[in-house]
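Notes to accompany the following structure.
The values are calculated or read from the model by the stated rules, or taken from the named source; none is laboratory data. What you see is a predicted model, and the numbers here were worked out from it, not measured in a lab. Here Cβ is always computed from backbone atoms with ideal geometry, including for glycine, and neighbour counts include all displayed protein chains.
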Amino acid sequence: MIDRTPSSDPYAKDTTTTPPYAQAFAQALGWNSTSYLMLSGFVLLLGLMGYVWWPLAEEYLGYINWQGAWWRQIDWLLIGIFLFMSLMLMNGADLRQDLPIILVGIGGGLVIESWGTQTEIWTYYTNERPPLWIIPAWPIAALTIDRMVRFLRRRVPAGRATGYRLAYWLVFPLFFILMLQFTWPTLDKSFTLLALLLCALFIVTPTDHRLALLTFAAGTGLGYFLEWWGTTRLCWTYYTGETPPLFAVLAHGMAAVAFWRAVLMSERVSSWLWLVLGSPQRQAPPAPEN
């Protein structure tokens with residue numbers, strides 16, 4: 001009998017392996033087996049949101065005149081944002097590392113949206129305070145920024161620590177002054193006071209000046225396109241009427257830094273709990289024999 005396995009027959013087609021060009025493409029984009037799981041979860045989340053909040057989606061699609069040049073009416077900016085986020089989510093996906101970012105993104109997004117809508121610094125066209133359909137966008141953005149920071153860390157030279165330290169103490173105090181000015185009309189609100197206190201706490205206790213600056217830059221870069229889309233489409237509106245205000249764009253950078261610091265703290269707490277709960281208990285010495 002002749003063995004017809006792929007290892008012995010050079011003419012047998014191997015259907016179990018991925019073509020070399022596909023492997024090279026996936027490797028260039030940093031995809032792995034978890035990447036496809038992450039993309040599937042992202043698509044499933046979008047489908048679930050579309051099903052639960054179908055009236056909102058139907059209203060949005062109603063603005064397109066399908067009888068005319070509909071391709072000119074498609075929101076290409078929104079599609080571009082989704083495509084960019086999808087590619088970023090798949091890059092180097094790791095559930096063990098991504099899960100804390102997702103949880104922090106959900107909790108942090110809920111806190112930020114509650115603060116902004118309750119104080120009416122910004123309002124959504126649905127007048128919800130806050131709308132639940134916007135919360136899933138925060139962990140997705142947090143994961144996207146995490147991938148962007150990884151990219152920047154590999155390509156931005158480390159340089160001297162003094163330079164990054166000086167840049168840090170220039171950028172973040174200026175942001176805090178801008179935040180104080182922008183939120184001044186709501187300074188009598190407890191939510192605003194708490195937000196200012198938390199930002200000040202994160203700013204005066206830096207752990208890594210370079211990484212904080214890179215995270216701030218990545219969050220600001222992504223935040224510009226998110227705010228540009230949201231304010232020009234009137235999905236949300238700031239009390240100043242700007243589309244978008246400078247503070248809102250930079251606030252995404254500060255939120256990214258806050259999420260990063262929260263993930264670090266959660267890892268330290270979990271490591272401490274693992275050390276305490278997982279350490280073997282000391283056994284009592286045996287009683288002396290009589």
Among G105, G163, the single one that is within 18 Å of T207 (Cβ to Cβ) and not β-branched (V, I, T) is G163
Out of (1) surrounded by 12 or more Cβ atoms within 10 Å (Cβ to Cβ); (2) at pLDDT 80 or above, the one S40 does not meet is (1)
When the stretch 82-99 is checked residue by residue, the ones that are surrounded by 17 or more Cβ atoms within 10 Å (Cβ to Cβ) and under 16 Å from W138 (Cβ atoms) are M85, M88, L89, D98
Exception for W169 within (1) among the hydrophobic types (A, V, I, L, M, F, W, C); (2) buried (at least 16 other Cβ atoms within 10 Å of the Cβ); (3) modelled with pLDDT of 95 or more falls at (2)
Output for Cβ contacts, cut-off 6 Å, separation at least six or different chains, first residue crowded, with 18+ Cβ neighbours inside 10 Å in the stretch 221-243, second of a type in the set (A, V, I, L, M, F, W, C) and assigned to a strand (DSSP E or B), reads G230/W236; W236/W122; Y238/W122
**Request:** Kindly check whether there is at least one residue in the stretch 119-131 that is touching a residue at least 40 places away in the same chain (Cβ under 8 Å), in a helix (DSSP H, G or I) and not β-branched (V, I, T).
**Result:** no
Exactly one of R155, R150 is over 17 Å from V263 (Cα atoms), among the basic types (K, R) and surrounded by fewer than 19 Cβ atoms within 10 Å (Cβ to Cβ), and that residue is R155
With criteria (1) in a helix (DSSP H, G or I); (2) modelled with pLDDT under 95; (3) surrounded by 14 or more Cβ atoms within 10 Å (Cβ to Cβ), V269 comes up short on (3)
